[in-house]
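The structure appears below as structure tokens.
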Amino acid sequence: MLSKQPVIGIDLGGTKISTALIDSVGRIMARDYRETQAAEGQEAVIERMLDSARRVIAQAEVTQAQVAAVGIGAPGPLDIEAGVLVAPPNLPGWDRVPLKRIIEDALGITTFLENDANAAALGEHRFGAGRGRQHMIYVTVSTGIGGGLILDGKLYHGASGMAGEIGHMTIVPYGPLCGCGNRGCLEALASGTAIARQARERVARGVPTLMADLAAGDPERITAKLVAEAAHQGDAEAREILAEAMNYLGIGMANLVNLFNPELIVIGGGLTNIGELLFGPVRRAIDRRAFRAQAQTVQVVQAKLGKDVGVLGAAAVALAHKP
């Protein structure tokens, strides 16, 4: 049975390929990490994925026949049913690549493909903070903002497989330009990129702030991590930037609470390292803006899987298809 056999999880990104052999309770039996080197082209990257998968099989001293399935978390857009990468921006030259079939044929192991944010949601649901919950929303807040919806215990894909684009709900009409081309998206207001942009603008205007000192006077050196460091040291400008961004994030979460009535919102990604500077404003915004019954039902917690969320999420994709 699939549930008794290990699976391979492959987290494919524009800069890295992380692979692990994982059992049904989320124990990592073997792992491999290598650079994607996407500029070398599709065939070279896929060969690295295959070599990485074979490496973890060898490390764990199992045979390919003992591996039940392969799950791949990959950047979108994807055609999930066909197992095809359509044209991911951070994998140049990949246009309608039938990755599921290629990996499956090369390894002789049943393979499943999923959007990386959805895979992470499945990972947190199966192995992390969402275990045992039926109605969970996963949100990742890092360079960008993404997520996945677990409704009635299952990942929700929507009519064309694109559900869960949490970072691209409009929060402020005619707000800052987002990378997607829209204005006022949550990602353009509350992501690490947005926070760094706000800080750079203030430093460039000559606003007195510790952020300028930490960046040695160079606005281009400012990151969200630097803003958080300044905020923790009591810098008023940094704290104001974070408070505004996290209030916007909270407005987005309140919208999701009203729409889906989840019992749990799990927030992951690098920005969660700022702790209560993120979670406090988010919880307060939900309390103020969501309907009382929904607000009292939902918990907002930090994700548990950390840097392993990619491979564990990809493994959860494979395990979700068990017979």
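Within segment 139-151, can you find the residues that are under 16 Å from L271 (Cβ atoms) and either among the polar types (S, T, N, Q) or over 8 Å from the mean Cα position of the chain (by Cα) (or both)?
T140, S142, T143, G144
I'm checking my understanding of the structure. Among residues of segment 13-30 that are over 19 Å from A129 (Cβ atoms) and either polar (S, T, N, Q) or not in a strand (DSSP E or B) (or both), which one is modelled with the lowest pLDDT?
Filtering segment 13-30 for residues that are over 19 Å from A129 (Cβ atoms) and either polar (S, T, N, Q) or not in a strand (DSSP E or B) (or both), the one modelled with the lowest pLDDT comes out as G14.
Would you mind stating whether A254 is within 23 Å of A163 (Cβ to Cβ), modelled with pLDDT of 95 or more and either outside the structural domain of I171 (by TED's automatic domain parsing) or in contact with a helix residue (DSSP H, G or I) (Cβ under 7 Å, 6 or more places away or on another chain) (or both)?
It is true that A254 is within 23 Å of A163 (Cβ to Cβ), modelled with pLDDT of 95 or more and either outside the structural domain of I171 (by TED's automatic domain parsing) or in contact with a helix residue (DSSP H, G or I) (Cβ under 7 Å, 6 or more places away or on another chain) (or both).
For segment 47-77, which positions are buried (at least 19 other Cβ atoms within 10 Å of the Cβ), aliphatic (A, V, I, L, M) and not in a helix (DSSP H, G or I)?
Listed by number, the residues that qualify are A60, V67, A68, A69, V70, I72, A74.
Do we find that A44 is surrounded by fewer than 16 Cβ atoms within 10 Å (Cβ to Cβ), part of a loop (DSSP other than H, G, I, E, B) and small (G, A, S) in this structure?
Considered against the rule, which asks whether it is surrounded by fewer than 16 Cβ atoms within 10 Å (Cβ to Cβ), part of a loop (DSSP other than H, G, I, E, B) and small (G, A, S), A44 comes out as no.
Quick check: is even one residue across segment 157-169 touching a Ser or Thr at 6+ places or on another chain (Cβ under 9 Å) and at pLDDT 95 or above?
Yes, there is a match, as at least one residue in segment 157-169 is touching a Ser or Thr at 6+ places or on another chain (Cβ under 9 Å) and at pLDDT 95 or above.
May I ask you to list the residues in segment 192-220 that are of a type in the set (G, A, S), part of a helix (DSSP H, G or I), touching a residue at least 12 places away in the same chain (Cβ under 8 Å) and buried (at least 18 other Cβ atoms within 10 Å of the Cβ)?
Passing the criteria: G192, A194, A196, A199.
The values are calculated or read from the model by the stated rules, or taken from the named source; none is laboratory data. These numbers come from a predicted model, not from an experiment. Cβ atoms come from the backbone with ideal geometry, glycine included; neighbour counts cover every protein chain shown.
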